[in-house]
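**Q** Okay, here's the structure, questions in a sec.
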Amino acid sequence: MRWLGFLLLGGLAWAQPLLELKEGWIRRVPGNITAAYLVLYNPGPRPVRIVEASTPIATRVEFHQTTSSRGHSHDHSDVSAMKRVAFLEVPARGRLEVLPGKYHLMLYGLREKNPQPLQEGQRVPLTLRLEGGATLTFTLPVQMR
Ligand SMILES: [Cu+2]
């Protein structure tokens with residue numbers, strides 16, 4: 001029994017974490033800061049933590065949780081209070097909704113990285129680094145919504 005358990009654990013440890021992008025977009029707003037939204041599905045048997053994100057259009061990406069309590073506010077429209085979180089977690093065989101009112105990715109430094117403002121429909125790569133070091137890159141459209 002011990003031996004069997006060891007083999008099963010070993011098998012899980014080798015399984016590659018994988019997330020599926022169900023939807024996602026980067027909000028088109030004037031200015032130096034914007035937000036990205038996405039819905040991720042984890043088909044695997046273990047939660048997957050996203051510990052870092054990056055994109056060529058921003059100097060820095062942070063994970064923010066929208067809160068109802070008073071926090072320091074930024075200058076973008078409908079997210080009045082937010083707090084930075086260290087990671088995002090997609091539950092086993094479940095979804096993480098990084099959507100307005102819940103979470104967003106905060107993108108900083110757009111002016112430094114983009115000689116021209118983001119265009120509607122422009123497609124932007126977003127790379128997520130998972131706990132353990134694996135990376136996943138998705139492509140998100142820029143949309144005014
Ligand atoms: Cu934010």
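**Q** Looking at Ser73, is it out of contact with any Cys (no Cβ under 9 Å at 6 or more places or on another chain), in a loop (DSSP other than H, G, I, E, B), at pLDDT below 85 and surrounded by 12 or more Cβ atoms within 10 Å (Cβ to Cβ)?
**A** no
**Q** Which residue is surrounded by the fewest Cβ atoms within 10 Å (Cβ to Cβ), if the candidates are limited to segment 81-98 and must be assigned to a strand (DSSP E or B) and touching a Ser or Thr at 6+ places or on another chain (Cβ under 7 Å)? Before the answer, list the steps.
**A** Filtering segment 81-98 for residues assigned to a strand (DSSP E or B) gives 82-85, 88-90, 94-98.
Subset that is touching a Ser or Thr at 6+ places or on another chain (Cβ under 7 Å): 82-83.
Working: Met82: 21, Lys83: 12.
Filtering segment 81-98 for residues that are assigned to a strand (DSSP E or B) and touching a Ser or Thr at 6+ places or on another chain (Cβ under 7 Å), the one surrounded by the fewest Cβ atoms within 10 Å (Cβ to Cβ) comes out as Lys83.
**Q** Can I ask one more? Going through Leu40, Leu12, Leu18 one at a time, which residue ends up being more than 14 Å from the ligand (Cβ to nearest atom), out of contact with any Ser or Thr (no Cβ under 9 Å at 6 or more places or on another chain), modelled with pLDDT under 95 and not in a loop (DSSP other than H, G, I, E, B)?
**A** Going through Leu40, Leu12, Leu18 in turn, the sole match is Leu12.
**Q** What pairs come up if the first residue lies in segment 70-99 and is of a type in the set (D, E, K, R), the second is modelled with pLDDT under 95 and within 11 Å of the ligand (Cβ to nearest atom), and their beta carbons are under 6 Å apart, counting only those six or more places apart or on different chains?
**A** Arg70/Ala81; Lys83/Thr67; Lys83/Gly71
**Q** Give me a count of the residues in segment 118-145 that are over 26 Å from Arg46 (Cβ atoms) and outside any strand (DSSP E or B).
**A** Counting residues in segment 118-145 that are over 26 Å from Arg46 (Cβ atoms) and outside any strand (DSSP E or B) gives 7.
The values are calculated or read from the model by the stated rules, or taken from the named source; none is laboratory data. Everything numeric in this text was worked out from a predicted model, so none of it was measured. Backbone-built Cβ (ideal geometry, glycine too); neighbour counts: all protein chains shown.
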